[in-house]
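Below is one structure; the comments refer to it alone.
Please treat every number below as a calculation from the coordinates, not as lab data. Note that the structure is a prediction, hence the values are computed from the model and not measured. Cβ: placed from backbone, ideal geometry, glycine included. Neighbour counts: every protein chain shown.
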Amino acid sequence: DAGITQSPRHKVTETGTPVTLRCHQTENHRYMYWYRQDPGHGLRLIHYSYGVKDTDKGEVSDGYSVSRSKTEDFLLTLESATSSQTSVYFCAISEGQGDRELFFGEGSRLTVL
Amino acid sequence: KNEVEQSPQNLTAQEGEFITINCSYSVGISALHWLQQHPGGGIVSLFMLSSGKKKHGRLIATINIQEKHSSLHITASHPRDSAVYICAVGDTDKLIFGTGTRLQVFP
């Protein structure tokens, strides 16, 4: 199994509070991604990183920020959580983009009350 | 119209049946991915293919680039195959995911 760890795995928070999700990899893969998964939607890309300090927005990036200060860690921050951000968040890694195999973390379930 | 369409959305089968899940896409791609998501939520990559056919155990994936269509076949299905199967298509800068096919295999 690819070494990808997400934390926390479950979190309940209140509207307006900041939340940070962490993705840690031991594979030294260049690309790291944050997706959200909601009923009726496919996985949707929030942000991705193609190297240390190199990040870019995905299709649903509003309300989210990311940081990658080390190859192995990719942080997703909700500056002020809203109920619409209640979702399951998946981190993924790959050696390239769409034409490289993707490895997923176990997911982080976030509930914003 | 979604760029990636999967059919059927839901599928039930008896143990031992041959299963086919379909994926059609409308964009140019360099690779197509089949993923499996178990009830516990974890997502595993089953196949990545850009042409022809791949086989792994009881799973077979095919792709027809000209018709923009892929199929995932499961031979001799088993209750442990119960999961959501997700198709995703990719090029050099993005992946687009289908909404998945929920498969339940009953003993």
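Observations on the structure shown:
- Taking the alpha carbon gyration tensor of the protein assembly as shown, multiplying each eigenvalue by 5 and rooting it gives semi-axes of 30, 20, 16 Å, largest first.
- Shape summary: chain B maps onto an equivalent ellipsoid whose semi-axes, from the alpha-carbon gyration tensor, are 23, 14, 12 Å in decreasing order.
- In this structure, the pairs whose alpha-carbon distance is over 27 Å, taken from A:K57/B:K54; A:K11/A:K57; A:K11/B:K94; A:K70/B:K68; A:K70/B:K55, are A:K57/B:K54; A:K11/B:K94; A:K70/B:K68; A:K70/B:K55.
- GNM top mover of B:G16, B:G40, B:G90 - chain B, alpha-carbon springs below 10 Å: B:G40
- Normalised by 2.2 N^0.38 Å, where N is the number of residues, the C-alpha radius of gyration of segment A:73-113 stands at 1.42.
- Percent of beta bridges antiparallel (DSSP, chain A, rounded to nearest 5): 90
- Over chain A, equivalent-ellipsoid semi-axes from the Cα gyration tensor in Å: 22, 14, 13
- Distance in nm between pseudo-label sites at A:E106 and A:D38 (7 Å out along the Cβ direction from Cα): 2.6
- The antiparallel fraction among DSSP beta bridges confined to the protein assembly as shown stands at about 90%.
- A Förster radius of 35 Å combined with the Cβ-Cβ distance from A:K11 to A:V52 puts the calculated FRET efficiency at roughly 0.85.
- Rounded Å value of the spacing that divides the Cα centres of segment B:73-107 and segment B:1-42: 4
- The chymotrypsin sites (Phe, Trp or Tyr not before Pro) of segment B:1-93 meeting both criteria, a DSSP state outside H, G, I, E and B (loop) and at most 16 other C-beta atoms within 10 angstrom of the site's C-beta, are B:F18.
- Test item: A:99-107 mean partner chain Cβ contacts at 10 Å: 6
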